[in-house]
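Q: One structure is given below, represented as structure tokens, and several questions about it will come after.
The values are calculated or read from the model by the stated rules, or taken from the named source; none is laboratory data. Remember, it's a predicted structure, so these values are computed and weren't measured experimentally. Every residue, glycine among them, receives a Cβ derived from its backbone with ideal geometry; neighbour counts consider all protein chains shown.
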Amino acid sequence: MDLGKVVLTVGDWSPGGWIEHLERYVSREDVIFSDGVTPPEPDICAQVKYAVAWKTPDGFFSHFPNLEAVLSTGAGVDHLARRPDLAPGVAIIRVIDPDLTGRVTAWTVMNVIAHHRQALAYLDAQRDAQWRPLPQSSAPDVRVGLLGYGELGQSAAKVLGLLGYDLAGWARTPKPDADIAVFAGWDDLDAFLARTDILVCLLPLTDATRGILNSDLFGKLAQDGITGGPFVINGGRGGHQIESDLLEALTNGTLKGASIDVFEEEPLPSDNPLWRAPNILITPHTAGMSAPEALLGNMVQNLIAFASGETLDNIVDREAGY
């Protein structure tokens, strides 16, 4: 199926791999690369029906009058869902890919184990050349709460469950077929937090979830658990956390530790005090970093099916924001 011209704009990522692998499905002359700031010539823009995009400036999509669908190259779609320059009829497609899901799961499990087994304390001891054995609890005694129980949360739960952790999830709507206890809706959030020693945020970013990781929420996490205090792991979006609240909670002991992969401002400035906060693991938005060859196949096959008259998979509910 001929998709015609496809505009590719991938923010600050290197475009080389994306172009190379997109060429497997679209002829090179039909791959229109843009830096996301400068649009192609108007006659080219008029021929574009599909876009593969990541974090383009406001107004960019208004240059494409015949745009039918936009594929997000990352798991998050908050950079697209509320865009006024995307007409209501333009479909937004999110990535649901085994490679991306597996990478986020690995990052999540790594950080749960790091906090449970006190890896940062051992790193401190190593730097001091000190042999400091610490008491070790078993996984079934550690209550892990998955804030967001969609594709990513369910995948993480499968692996953490195999390791024996005491799991629960929270979702906006009930999950009656879930293999673990899932608290549903805002009325159940406090009860979910009260039984959680290690909180993992894998939510989509919406108006309702923006700033959810704040002082009020931190104070509702379990303080009576085997871990000696709660931990927060954010692999969702930077907009989920109030960074001043996070810093305060780490400093005053409301939180015993944290792992943060996403920030409101990226790269995280070198003078941001979170770099020097106690007991924090910072990674540079790499939890779900996938290679183009792992993502583009399913994404473009989805478009080809759509162009042939089939229903799009993984389409975003623009009202819900995910």
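Q: Output the residue which, of all residues in segment 31-80 that are within 20 Å of residue 204 (Cβ to Cβ) and among the hydroxyl-bearing types (Ser, Thr, Tyr), is farthest from the chain's Cα centre (by Cα).
A: Filtering segment 31-80 for residues that are within 20 Å of residue 204 (Cβ to Cβ) and among the hydroxyl-bearing types (Ser, Thr, Tyr), the one farthest from the chain's Cα centre (by Cα) comes out as 56.
Q: Still on this structure, I have one more. Only one of these conditions is not met by residue 309: (1) in a loop (DSSP other than H, G, I, E, B); (2) surrounded by 13 or more Cβ atoms within 10 Å (Cβ to Cβ); (3) over 17 Å from the mean Cα position of the chain (by Cα). Which number is it?
A: Only one criterion is unmet by residue 309, namely (2).
Q: Quick one: which of 124, 187, 141 is under 27 Å from residue 219 (Cβ atoms) and in contact with a Lys or Arg (Cβ under 9 Å, 6 or more places away or on another chain)?
A: Result of the check over 124, 187, 141: 124.
Q: Residue 36 - would you say it is more than 25 Å from residue 313 (Cβ to Cβ), of a type in the set (Gly, Ala, Ser) and in a loop (DSSP other than H, G, I, E, B)?
A: yes
Q: If only one of 82, 117, 103 is out of contact with any helix residue (DSSP H, G or I) (no Cβ under 8 Å at 6 or more places or on another chain), at pLDDT below 90 and of a type in the set (D, E, K, R), which one is it?
A: The conditions single out 82.
Q: Further question on the same structure: Of the residues 261, 313, only one is touching a helix residue (DSSP H, G or I) at 6+ places or on another chain (Cβ under 9 Å) and at pLDDT below 90; which?
A: 313
Q: Can you name every residue in segment 206-220 that is in contact with a helix residue (DSSP H, G or I) (Cβ under 6 Å, 6 or more places away or on another chain) and farther than 12 Å from residue 147 by Cα?
A: Selection gives 210, 214, 215, 218, 220.
Q: Taking only segment 107-128 into account, find how many residues are under 15 Å from the mean Cα position of the chain (by Cα) and free of Cβ contacts under 8 Å to residues at least 40 places away in the same chain.
A: 0
Q: Next up: For segment 283-306, give me the residue count where each residue is at pLDDT 85 or above, surrounded by 15 or more Cβ atoms within 10 Å (Cβ to Cβ) and of a type in the set (Val, Ile, Thr).
A: 1
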